[in-house]
Amino acid sequence: MAIDTHPTTTGPRPATPDDTRLSGRARLVLFVLCAAQFMVALDFSVLNVALPVLGEDLGLDRSALQWAVTAFALPSGGFLLLFGRIADLYGRKKLFLTGLALFGAASVLATLAWDPASFLTGRALQGLGAAVIVPTGMSLLTTTFPEGPLRDKALGISGTLLSLGFTVGMVLGGVMTDTLGWRSTMGLLAVASVVVLVLAPGLLPESRTAERPRLDVPGAVTVTGGLLALIYALTTAAQRGFGEPDVWGTLVAGLALLAAFVAVESKSPAPLVSLPMLKRRTIAWGNIGGLVTFSMMSTAVFVLTLYLQETLELSSFRTGLVFGVQGIASVLAGSYASKVIGRFGARRTLVGSLLGQGLLGVVLLGVGTGSGALLATAAVSLASMCHLGAIVSYGVVVTSGVPDEEQGLATGLVTTTQQVGITIGIPLLGVLATTGASLFDGVRTVLAVDAAIVIAAALLVALGLGLGRRKA
């Protein structure tokens with residue numbers, strides 16, 4: 001059931017005020033869904049600054065600190081497609097509320113953790129809850145708000161808060177750890193989940209597919225196992241390099257399972273992922289654009305954090321301010337994203353945003369060893385505006401024209417792309433910043449490669465979406 005349904009067209013058109021006006025109830029629904037997405041995004045970054053203090057308090061060895069992040073990343077990325085499909089079949093609202101309850105309980109466990117095992121268990125359960133919340137929340141958004149200006153606006157707000165959540169987490173995590181201790185970061189998530197859980201039941205509509213085919217168990221096993229192995233390999237490689245046997249072993253196993261998944265899906269009568277859907281130009285190339293913008297932006301932020309703190313010797317607080325400006329820029333971009341899409345079309349907006357992100361990456365090569373904080377702040381903030389435009393437009397590209405009964409699958413692909421993109425960028429490129437002759441030279445190398453990849457992706461996505469042959 002959609003809210004404020006309006007007729008839609010396939011091409012870009014100017015939006016009238018009525019097209020983009022949200023009713024009071026629609027605003028509340030959007031608030032609940034976006035609050036849940038923001039909460040999950042916050043969880044990805046709020047703990048990073050607190051890791052040294054956390055490790056000392058719980059007796060978690062320095063070499064094992066990565067598991068505070070990995071324990072969350074594994075289930076949150078590995079189970080997205082599975083839960084997106086289960087929500088399609090058995091009810092998106094029901095599963096969304098279940099995910100919120102699990103996330104909240106896990107946050108309480110992480111807050112009260114008395115040893116490494118209890119803390120990592122809480123983090124893993126948080127990740128599992130996030131794997132439920134993210135695809136169900138996104139599919140509830142796309143089935144509640146009809147395709148066209150209303151959905152574009154809703155996706156713009158959601159994308160803004162997703163990007164802002166990562167930035168706010170970096171700043172808020174440091175402040176809360178210094179003033180209230182690391183446990184307050186987990187307690188904040190517990191409180192947020194309770195607030196959303198109280199509001200959601202009375203506001204969100206239930207939605208599911210009309211038919212309920214059998215769940216594709218072989219497909220679920222192979223894709224979940226493949227994603228888990230791939231994410232483990234890449235997150236472990238970020239800490240220990242690609243030379244370790246367990247990294248190569250799980251990487252090969254992950255790729256083999258994903259290949260098996262494709263074979264299973266081609267023969268399944270009720271596939272978890274419709275291979276014909278993946279052949280759609282908008283879904284294939286839209287997700288490639290999303291994968292690149294997420295992976296390369298997260299990498300740029302990572303190496304700039306190293307540059308600001310270790311090369312320019314800025315304090316954690318001043319570094320946080322740099323990314324605070326970036327967050328404000330993202331909010332501004334989010335407020336205009338739907339209007340830009342309405343004016344130029346989602347496809348052109350995606351390609352233009354990727355191109356802008358890549359070119360601003362080239363500008364970042366102008367930073368120096370004695371100065372560069374101002375240039376870095378301006379360039380990364382403008383790049384984040386382009387990144388936000390890419391986030392919103394690729395979500396519109398991928399979900400447009402998809403029937404309601406397949407929205408969970410389409411949004412599951414969108415959110416899987418987000419999680420995998422956030423996960424793979426730093427392991428693949430970030431290691432170049434820390435293994436070179438100097439950190440500064442390594443940072444410049446990463447920024448150059450990052451920019452080249454984004455620009456190349458912009459050109460390929462433009463060709464793939466057929467911008468030279470048809471209207472966007």
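The values are calculated or read from the model by the stated rules, or taken from the named source; none is laboratory data. Every value quoted in this text rests on a predicted model; they were computed, and no experiment measured them. FYI the Cβ positions are ideal-geometry reconstructions off the backbone, even for glycines, and counts take in every protein chain you see. These accessible areas exclude ligands, DNA and RNA; they are computed on the full protein's heavy atoms, side chains included. Shrake-Rupley method; radii C 1.70, N 1.55, O 1.52, S 1.80 Å.
Once segment 259-275 is narrowed to residues that are at pLDDT below 75 and buried (at least 17 other Cβ atoms within 10 Å of the Cβ), the residue that is farthest from the chain's Cα centre (by Cα) is PRO271. Against the condition among the aliphatic types (A, V, I, L, M), under 20 Å from LEU161 (Cα atoms), out of contact with any Cys (no Cβ under 7 Å at 6 or more places or on another chain) and open to solvent by less than 10 Å² (accessible area, probe 1.4 Å), how does LEU388 come out, does it pass? Yes.
The lone criterion from (1) modelled with pLDDT of 80 or more; (2) surrounded by 19 or more Cβ atoms within 10 Å (Cβ to Cβ) left unmet by ARG85 is number (1). From the set of residues in segment 341-374 that are assigned to a helix (DSSP H, G or I) and open to solvent by 60 Å² or more (accessible area, probe 1.4 Å), which is farthest from MET297 (Cα to Cα)? That would be ARG343. Report whether or not VAL397 is crowded, with 24+ Cβ neighbours inside 10 Å and at pLDDT below 90. Here the answer is yes, as VAL397 does meet what is asked.
Table: residues versus (1) touching a Leu at 6+ places or on another chain (Cβ under 6 Å); (2) part of a loop (DSSP other than H, G, I, E, B); (3) buried (at least 22 other Cβ atoms within 10 Å of the Cβ).
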| position | (1), (2), (3) |
| --- | --- |
| MET277 | no, no, no |
| GLY286 | no, no, yes |
| GLY289 | yes, no, yes |
| SER295 | no, no, yes |
| THR299 | yes, no, yes |
| THR305 | no, no, no |
| GLU310 | yes, no, no |
| GLU313 | no, yes, no |
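There is no residue in segment 323-338 that is out of contact with any strand residue (DSSP E or B) (no Cβ under 9 Å at 6 or more places or on another chain), touching a residue at least 24 places away in the same chain (Cβ under 8 Å), β-branched (Val, Ile, Thr) and open to solvent by less than 30 Å² (accessible area, probe 1.4 Å).
To keep it simple, each residue is scored yes or no on (1) more than 30 Å from ALA462 (Cα to Cα); (2) modelled with pLDDT under 80; (3) more than 21 Å from the chain's Cα centre (by Cα).
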position: LEU215; (1), (2), (3): yes, yes, yes
position: PRO218; (1), (2), (3): yes, no, yes
position: ALA253; (1), (2), (3): yes, no, yes
position: LEU257; (1), (2), (3): yes, no, yes
position: LEU278; (1), (2), (3): no, yes, no
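Against the condition touching a Ser or Thr at 6+ places or on another chain (Cβ under 8 Å), hydrophobic (A, V, I, L, M, F, W, C) and more than 30 Å from ALA448 (Cα to Cα), how does VAL264 come out, does it pass? So VAL264 fits the description; yes. Tally up the residues in segment 112-136 that are more than 18 Å from VAL420 (Cβ to Cβ) and either open to solvent by less than 30 Å² (accessible area, probe 1.4 Å) or within 15 Å of the chain's Cα centre (by Cα) (or both), please. Result for segment 112-136: 8.
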